[in-house]
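Following: one structure in structure tokens, then a few remarks.
The values are calculated or read from the model by the stated rules, or taken from the named source; none is laboratory data. Keep in mind that what you see is a predicted model, and the values were worked out from it rather than measured. Here the Cβ positions follow ideal geometry from the backbone for every residue, glycine too, while neighbour counts run over all protein chains shown.
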């Protein structure tokens, strides 16, 4: 499979690619700058959208009734892409000032699942939160140092979530109607040489695709947790991935070039921070939207 650089903009921390079938484009973020981008495959353009207010933007989820919800330094906020304005929605962190929002996904019932990480990545103070459309929230999993993902199986009955600092991807059975979780089980363990498990997505066959931060690759796991194959990405800090394009068969991959202070990561590559696209023989799934 051919890996193409489609936006070489040297983003500090490219994150959270989300394909919008409605808009026929890929939205993605630079968490540290912060910036929101819209990439259109049909004319190979990447534009930066207006954004006013937050100190960082870590996640970007479309809303069913229009607009988006963002994970930011000010909590979860709603966002209007035409004006760039944000409005407060809810902050489920409950005064945990040492935690930072990270990846998020909506489930098939229109709920939002958003994780956090401990700011210095040392203490197990982070969590995964389930947020209802009306704004009620629950900390469904606690004790993370750095949560990444989440992703859901095609039928919505399995949740995948990584604790990156522990090099582990976990799986939980989900009761779709209530959103309650079963017991935790280990889905896959990585080693330091393979990098930290980062953002992920699921294809229509139930395969889990996981970005490896620090080792320049994406791995596809079979639903049983065994490695199917890996893809080499020409940037060492691979952060997330998402299927998109007209047939949902293009895997888009985000990468990073710098840390939170703007210091270049080592090892560095010329394409660090770029957005990549890979035409695959797989197909993704339309991403659910948040009902709030």
Condition test on residue 154, is it without any contact (Cβ under 8 Å) to a residue 60 or more places away in the chain, surrounded by 15 or more Cβ atoms within 10 Å (Cβ to Cβ) and either touching a helix residue (DSSP H, G or I) at 6+ places or on another chain (Cβ under 7 Å) or not in a strand (DSSP E or B) (or both)? no
Subset of the stretch 188-220 [within 17 Å of residue 145 (Cα to Cα), surrounded by 23 or more Cβ atoms within 10 Å (Cβ to Cβ) and out of contact with any helix residue (DSSP H, G or I) (no Cβ under 8 Å at 6 or more places or on another chain)]: 199
For the structure I just gave you, tell me whether residue 120 is modelled with pLDDT of 95 or more and over 23 Å from residue 52 (Cα atoms). no
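From 3, 90, 77, which residue is under 23 Å from residue 116 (Cβ atoms), in contact (Cβ under 8 Å) with a residue 40 or more places away in the chain and buried (at least 16 other Cβ atoms within 10 Å of the Cβ)?
Values: 3 fails: under 23 Å from residue 116 (Cβ atoms); 77 fails: in contact (Cβ under 8 Å) with a residue 40 or more places away in the chain.
Within the list 3, 90, 77, the selection yields 90.
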Pair list, Cβ under 8 Å, 6 or more apart: the stretch 121-147 residue touching a residue at least 60 places away in the same chain (Cβ under 8 Å) and on the phi > 0 side of the Ramachandran plot, other residue buried (at least 17 other Cβ atoms within 10 Å of the Cβ) and in a strand (DSSP E or B): 135/89; 135/90
So which of 79, 117, 56 ends up being more than 28 Å from residue 174 (Cα to Cα) and within 15 Å of the chain's Cα centre (by Cα)? 56
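Quick one: which residue in 149, 115 is touching a strand residue (DSSP E or B) at 6+ places or on another chain (Cβ under 7 Å), closer than 17 Å to residue 162 by Cβ and modelled with pLDDT under 95? Outline the logic, then answer.
Numbers: 115 fails: modelled with pLDDT under 95.
Selected residue: 149, the only one of 149, 115 that is touching a strand residue (DSSP E or B) at 6+ places or on another chain (Cβ under 7 Å), closer than 17 Å to residue 162 by Cβ and modelled with pLDDT under 95.
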Residues located in the stretch 120-138, provided they are closer than 16 Å to residue 100 by Cβ and surrounded by 16 or more Cβ atoms within 10 Å (Cβ to Cβ): 125, 126, 127, 128, 129
Do we have residue 177 as surrounded by fewer than 23 Cβ atoms within 10 Å (Cβ to Cβ), touching a helix residue (DSSP H, G or I) at 6+ places or on another chain (Cβ under 7 Å) and either part of a loop (DSSP other than H, G, I, E, B) or in contact (Cβ under 8 Å) with a residue 24 or more places away in the chain (or both) here? no
Out of 115, 110, 84, 71, report the one residue that is part of a loop (DSSP other than H, G, I, E, B) and either surrounded by 21 or more Cβ atoms within 10 Å (Cβ to Cβ) or touching a residue at least 60 places away in the same chain (Cβ under 8 Å) (or both). 110
Residue 11 vs. criteria surrounded by 20 or more Cβ atoms within 10 Å (Cβ to Cβ), part of a loop (DSSP other than H, G, I, E, B) and touching a strand residue (DSSP E or B) at 6+ places or on another chain (Cβ under 8 Å): yes
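Can you confirm whether the stretch 221-232 contains a residue that is crowded, with 19+ Cβ neighbours inside 10 Å and in a loop (DSSP other than H, G, I, E, B)?
no
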